[in-house]
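One structure is given below, encoded as structure tokens.
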Amino acid sequence: MTPDKPTAALVPREYQPVDRRTVFIAALALVIALFAGLAAQFLTALIGLVTNLVYHNRVSTEFVSPMGSPHGPFLLLLVPVVGALLIGLIARFGSTAIRGHGIPEVMEKVLYGGSRISARVMVFKPLSAAIAIGTGGPFGAEGPIIATGGALGSLVGQHVKITDDERKTLLAAGAAAGMAATFGTPVSATLLAVELLLFEYRPRSLIPVALAAALATAVRVGFVGTAPVFGMAQVSQPTNPALASYAALGVIIGVIAVLITKSSVGIEEAFERFGERFGIHWMWWPAIGAVVVGVVGIIEPRTLGVGYENITGALQGTLAGRALIMLVALKFISWAVYLGSGTSGGTLAPLFTIGSGIGAWIGSAVSRWMPGLGVDPHVAALVGMAAIFAGASHALLASVVFAFETTRQPLGLLPLLAGCTAAYLTALMLDRHSIMTKKLALRGSGVRTEYSTDHLSQIFVREVATRDVVSIRADATIEATRAWLAGGNQSGSHQGFPVLAPDGRLLGVVTRRDLNDPRWEGTQYVGQVVRRAPVIVFEDSTLRDAADQMTREHVGRLPVVARDQPWTVTGFISRSDLLTAHAPRLAAAHRRQRLRRIGRRKRGD
């Protein structure tokens with residue numbers, strides 16, 4: 001007897017934005033966020049401890065700058081080199097994954113590693129970063145913390161029975177929690193995860209990440225309070241000429257961001273060629289880069305360490321003129337060379353220093369020589385800080401919101417949006433790869449970080465399915481059916497056919513290959529060829545549902561049925577129909593046409 005409904009496994013699954021699994025993953029994300037927030041505070045304290053020990057000869061976890069050290073030039077040069085030697089040893093005998101600035105390595109694991117990160121990274125990444133930054137490395141702590149949080153999320157995901165997609169969500173939640181715990185920026189941390197790690201915008205992944213970022217921020221508030229990371233005076237409403245100026249500044253910053261990306265990658269390649277030519281193992285490269293750090297640190301001590309105070313100085317105007325430009329240039333040299341040598345450290349703080357410094361310098365010059373534009377050097381510094389991040393990372397929304405969250409300047413949002421968008425556009429025009437994806441691209445890995453609606457999910461099966469269905473009766477003989485196929489007639493070029501019972505109910509689907517299989521004798525019936533319950537798709541399902549159903553059940557065509565009458569065939573859909581459905585999308589994307597002409601009207605308008 002034919003059942004009233006098809007087997008549950010063969011019925012297309014109904015799309016649900018969230019379910020109980022989402023709640024479970026969100027609960028895991030909160031646990032991860034708690035520990036990621038604590039790990040961020042631990043790493044900050046560890047950096048402070050190393051800095052105080054090696055530069056100030058005291059035992060303290062206070063987060064301080066290496067500036068003001070009583071050491072002479074020789075020790076200022078020696079300290080980064082010793083730190084680099086330790087990092088080389090950790091990378092070689094601990095984990096090579098600690099090399100780099102954190103985010104690109106996490107992206108690579110998301111894209112090509114099933115979101116699996118070794119537990120060693122969670123231990124050695126913060127340790128190596130604390131040594132690198134504490135001994136004067138010109139990096140930010142955020143990259144290593146993001147990598148550590150991502151490793152924590154991945155590790156939990158490897159010990160719990162979950163899917164690869166869910167593990168990716170936990171990894172992104174840990175990474176976002178790390179950034180939020182560093183800067184107190186939950187919204188921008190969530191956006192950064194969406195733009196650089198998740199490669200999607202879905203409720204089932206967004207909710208756990210957002211909750212994790214919120215909890216990590218709360219952990220940070222419990223330790224350091226609610227004050228903004230970069231304090232600055234209240235800015236005023238920008239004039240239209242000033243807004244245009246900030247957009248122009250974004251164009252300049254976008255060009256600089258591309259140059260920085262190309263330079264950093266070029267320096268890294270130079271170290272690789274240098275090592276190959278002279279036979280120097282990569283574990284010694286950081287020590288060579290550290291020599292540059294030490295020399296630059298002797299010239300300008302403010303380049304040593306994280307340098308958040310330099311960003312604040314640029315935003316507040318306490319750093320200006322030639323001293324500011326000298327700091328920017330030397331910071332870039334120190335950071336780019338040391339990072340290219342393969343040490344462990346973040347990119348965000350150096351980029352913010354460079355961008356805010358350039359923005360403040362250009363803003364001061366414009367306000368001095370063209371006061372009528374109404375450009376505020378402090379706002380220019382803010383725009384420069386965010387725009388260089390947008391241009392270098394291609395994370396536009398995260399850049400805008402980050403600058404707002406770290407300064408709490410609501411009137412700066414409009415200049416930020418104008419400047420960051422201009423930098424983003426310029427950077428994409430000059431190079432489609434960001435500083436986060438450039439290395440992956442050079443390895444031959446294609447990385448596309450665009451987000452668009454799935455075209456197939458916007459089209460219903462009923463709009464595409466063939467309505468003139470050619471079916472075969474189950475009580476027809478194999479011999480007669482083969483003759484019918486050979487004669488053409490209604491069978492045409494069809495490769496699959498629904499098989500119907502005498503009362504018209506769907507029994508299954510057979511193909512030409514099935515019917516021409518020599519195992520079947522001519523006197524047998526078509527109904528005997530059917531080996532499985534029919535795999536169906538509903539009229540009100542989308543083409544994405546149909547594609548997923550075909551892939552899941554390993555079939556190339558599906559009978560279409562009404563949801564209330566699942567045994568009555570109303571249409572048929574094949575893989576070629578799914579491909580054909582893309583034609584309007586491609587035409588709309590590439591066909592240029594003018595729908596109306598100015599000054600002309602049709603009759604009846």
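For region 117-163, the convex hull drawn through the C-alpha positions has a volume of 52 cubic angstrom per residue. Angle, helix 20-56 long axis vs. longest principal axis of the chain, Cα atoms, 0 to 90°, nearest 10? With both axes taken from Cα atoms, the answer is about 20 degrees.
Exposure check, 1.4 Å probe, all protein chains in place: I260 carries approximately 10 Å² of accessible surface. Farthest toward the positive end of the dipole of region 65-216, out of I131, A84, H159, is the Cα of H159, where the dipole comes from beta carbon charges about the Cα centre. Comparing V535, T239, I98 along the charge dipole axis of the chain, the residue lying farthest to the positive side is T239, per the Cβ-charge model. Overall, the chain carries a charge dipole of about 1040 debye about its Cα centre when +1 sits on the Cβ of Lys and Arg and -1 on the Cβ of Asp and Glu, all other atoms neutral. Model label sites at A589 and W284, defined 7 Å from Cα along the beta-carbon direction, differ in position by 5.0 nm. Other residues with beta-carbon under 14 Å from the beta-carbon of D431 carry, at +1 per Lys or Arg and -1 per Asp or Glu, a net charge of +4. Extending 7 Å from Cα along the Cβ direction at L579 and again at E539 yields two label points whose distance is 2.9 nm. About the Cα centre of region 224-308, what is the dipole size in debye to 20, counting +1 per Lys and Arg Cβ and -1 per Asp and Glu Cβ, all else neutral? In total the dipole reaches around 120 debye. Centre-to-centre separation between the Cα atoms of region 297-328 and those of region 253-267: 20 Å. Of the solvent-accessible surface of the chain, computed with a 1.4 Å probe over protein heavy atoms with every protein chain present, carbon and sulfur atoms account for 60 percent. The angle separating the long axis of helix 164-183 from the principal Cα axis of greatest extent in the chain is about 20 degrees. For region 258-318, the Cβ-based charge dipole about the Cα centre amounts to some 80 debye (Lys, Arg positive; Asp, Glu negative; other atoms uncharged). For the chain, the longest principal axis of the alpha carbon atoms and the long axis of helix 285-299 meet at an angle near 40°. Remark: the chain is approximated by an ellipsoid whose semi-axes, taken from the C-alpha gyration tensor as √(5λ), come to 58, 29, 22 Å, largest first.
Taking every protein chain into account, the accessible area of the chain amounts to 46 square angstrom per residue (probe 1.4 Å). Looking at region 302-421, the pairs of alpha carbons with a distance over 26 Å make up 16% of the total.
With a cut-off of 12 Å between beta carbons, the residues surrounding A180 carry a summed charge of -1, where Lys and Arg count +1 and Asp and Glu -1.
In terms of its C-alpha gyration tensor, region 37-76 comes out prolate, because a/c is 1.5 or above and the ratio a/b outweighs b/c. At q = 0.09, 0.13, 0.18 Å⁻¹, work out log10 I(q)/I(0) for region 81-235 with the Debye formula, treating every Cα as an identical point scatterer and leaving solvent out; two decimals please. Values returned for q = 0.09, 0.13, 0.18 Å⁻¹ are -0.29, -0.59, -1.03.
The values are calculated or read from the model by the stated rules, or taken from the named source; none is laboratory data. Fair warning: this is a prediction, and the values are worked out from it, not measured in the lab. Cβ coordinates were reconstructed from backbone atoms using ideal geometry, including for glycine residues, and neighbour counts include every protein chain displayed. Surface accessibility is based on the protein's heavy atoms, side chains included, excluding ligands, DNA and RNA. Shrake-Rupley method; radii C 1.70, N 1.55, O 1.52, S 1.80 Å.
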